[in-house]
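I have placed the structure first, in the form of structure tokens, so that the comments after it can refer back to it.
The values are calculated or read from the model by the stated rules, or taken from the named source; none is laboratory data. Keep in mind it's a predicted model, so treat the numbers as computed, not measured. All Cβ positions, glycine included, derive from the backbone under ideal geometry; neighbour counts span all protein chains shown.
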Amino acid sequence: MDTSIASSPQTPKTDPFTIAAPASEVSLATRVRVVCRVRPLTETEALRETRLIEAVDDKTVCLQEKETPNVFTYDSVFDEHATQEDIYASVGQKTLADLFKGFNGTILAYGQTGAGKSHTMMGPGDGNDLDRGIIPRVAENIFTHILQSSDEVEYTVGLSMMEVYKEHIFDLLDPQPKDFLIHEDKLNGIHVRGLSQAFVSSSSEMASVLKQGCKNRRTASTNMNTDSSRSHAILQIILTQKDVTSGEIRRSSLFLVDLAGSEKVDRSGATGITLEETKKINLSLSVLGLVINSLTDPKVNHVPYRDSKLTRILQESLGGNSRTTLIINISPASGSYYETLSTLRFGSRAKKIRNSVHINT
Ligand code: ADP
């Protein structure tokens with residue numbers, strides 16, 4: 001376990017996602033890691049639909065289309081038998097270890113509504129059961145790590161929770177209507193100015209802040225008659241580590257994001273919704289796709305981060321200073337064929353994104 005704070009940035013050991021960097025270099029090129037998770041068929045799907053997806057091995061998934069199979073490879077593939085613990089061990093644990101080393105991290109869950117994003121990120125219960133997802137497990141393990149670490153380091157854990165809906169940012173820890181703007185400065189990087197931050201000193205305190213944030217999300221959704229599957233839920237954890245001897249401070253940030261359902265909102269299918277609203281609902285995810293295309297196309301040199309709130313907030317996560325994992329959640333059912341194909345293609349494009357990470361000081 002690495003709990004010390006170095007007086008100068010260290011080069012971490014390389015891992016399979018690190019491309020190439022001389023040992024002396026502080027900045028490392030890494031690529032976005034893509035993990036595919038296939039959820040089980042629901043009871044209704046099992047009665048009415050066929051299964052189109054097979055995990056061939058732990059890196060390959062096959063989507064059956066009539067006679068032609070479409071084969072996709074990712075850094076990891078998990079089938080319906082994968083437990084929440086398996087997903088945490090593959091994705092969460094490493095990202096958390098990196099956070100303590102001083103690296104920024106991001107975990108994004110992408111996929112159509114009902115594909116298992118919230119199950120993967122939060123889990124179905126209140127965060128105490130075996131089925132708890134990545135976020136409650138991070139909340140526990142961050143404090144286990146702190147409690148086991150040396151007395152030489154003072155830790156501060158700050159937590160922000162926001163929702164992006166129709167290009168508006170809502171503070172889930174202080175749900176007063178406010179107009180938030182995104183700012184960038186040297187000290188804080190890109191941040192939402194005025195967003196509240198809760199400082200927590202135990203996993204139970206963190207769990208209760210998370211619970212309140214989730215409750216505020218449900219209340220806001222009911223009050224405003226909106227569908228939370230259309231909004232992006234963004235949790236940011238900021239870990240500050242202070243070396244008590246040297247006074248040196250290292251600050252690293254972790255984004256845990258449950259994205260809106262990737263299916264396009266069609267105005268004809270949604271009642272009481274204007275064309276303008278439809279455009280806004282789709283905007284952030286459409287721009288996310290454009291950002292990924294721009295980052296992976298050598299001919300394009302403008303990346304449209306500023307065209308949506310989501311991509312501006314996550315600018316460092318895609319092509320910037322962050323170790324990023326994208327989890328693509330898919331349904332195995334035949335009725336989801338087109339959405340599944342589109343999600344698998346999105347994951348394949350995202351695999352090509354290069355980030356450049358360095359330990360924050
Ligand atoms: P999304 O957030 O993508 O809209 P959910 O996470 O709400 O989807 O999942 C839809 C339903 O499928 C929920 O009832 C959820 O509990 C269930 N589900 C999703 N993934 C799994 C899984 N891996 N194992 C068991 N049930 C799952």
Quiz item: If V209 passes every condition in (1) at pLDDT 95 or above; (2) in a strand (DSSP E or B) but one, which one does it miss?
Solution: (2)
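Residue by residue, here is whether (1) β-branched (V, I, T); (2) under 20 Å from L130 (Cβ atoms); (3) within 16 Å of the ligand (Cβ to nearest atom) holds:
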position	(1), (2), (3)
R39	no, yes, yes
I53	yes, no, yes
D57	no, no, no
Q64	no, no, no
P69	no, no, no
F72	no, no, no
D75	no, no, no
K94	no, no, no
D98	no, no, no
Practice problem: Give me the pairs, please: first residue somewhere in segment 88-108 and within 21 Å of T240 (Cβ to Cβ), second residue anywhere and of a type in the set (K, R), beta-carbon distance under 6 Å, and either six or more positions apart or on two chains. | Solution: G92/R137; D98/R323; G102/R250; F103/R323; G105/R323
Self-check item: Within segment 185-217, tally of residues that are surrounded by fewer than 12 Cβ atoms within 10 Å (Cβ to Cβ) and charged (D, E, K, R)
Solution: 3
Quiz item: Which residue out of L285, L290, L295 is within 20 Å of S229 (Cα to Cα), free of Cβ contacts under 8 Å to residues at least 60 places away in the same chain and out of contact with any strand residue (DSSP E or B) (no Cβ under 7 Å at 6 or more places or on another chain)?
Solution: L285
Exercise. Could you tell me which numbered condition K166 fails, if it satisfies all but one of (1) in contact with an Asp or Glu (Cβ under 7 Å, 6 or more places away or on another chain); (2) within 16 Å of the ligand (Cβ to nearest atom)?
Key: (2)
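Mind telling me which of the residues I234, I238 ends up being at pLDDT 95 or above, buried (at least 18 other Cβ atoms within 10 Å of the Cβ) and within 16 Å of the ligand (Cβ to nearest atom)? It would help to see each step written out before you state the result.
Working: I238 fails: within 16 Å of the ligand (Cβ to nearest atom).
Result of the check over I234, I238: I234.
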Quiz item: K242: outside any loop (DSSP other than H, G, I, E, B), farther than 28 Å from T340 by Cα, touching a residue at least 60 places away in the same chain (Cβ under 8 Å) and not small (G, A, S), yes or no?
Solution: yes
Quiz item: Among the residues of segment 104-163, which ones are away from the ligand (no atom under 14 Å from the Cβ), surrounded by fewer than 21 Cβ atoms within 10 Å (Cβ to Cβ), small (G, A, S) and not in a loop (DSSP other than H, G, I, E, B)?
Solution: G158
Exercise. Residues being of a type outside the set (D, E), part of a loop (DSSP other than H, G, I, E, B), farther than 11 Å from A333 by Cα and modelled with pLDDT under 95: count how many of those fall in segment 10-66.
Key: 17
Practice problem: Would you mind stating whether T222 is more than 25 Å from Y338 (Cα to Cα) and not in a strand (DSSP E or B)? | Solution: yes
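Being touching a strand residue (DSSP E or B) at 6+ places or on another chain (Cβ under 7 Å) and over 22 Å from G111 (Cβ atoms) is true for just one of R323, R250. Which residue is that?
R250
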Quiz item: If you check D86 against the conditions, is it outside any loop (DSSP other than H, G, I, E, B) and surrounded by 19 or more Cβ atoms within 10 Å (Cβ to Cβ)?
Solution: no
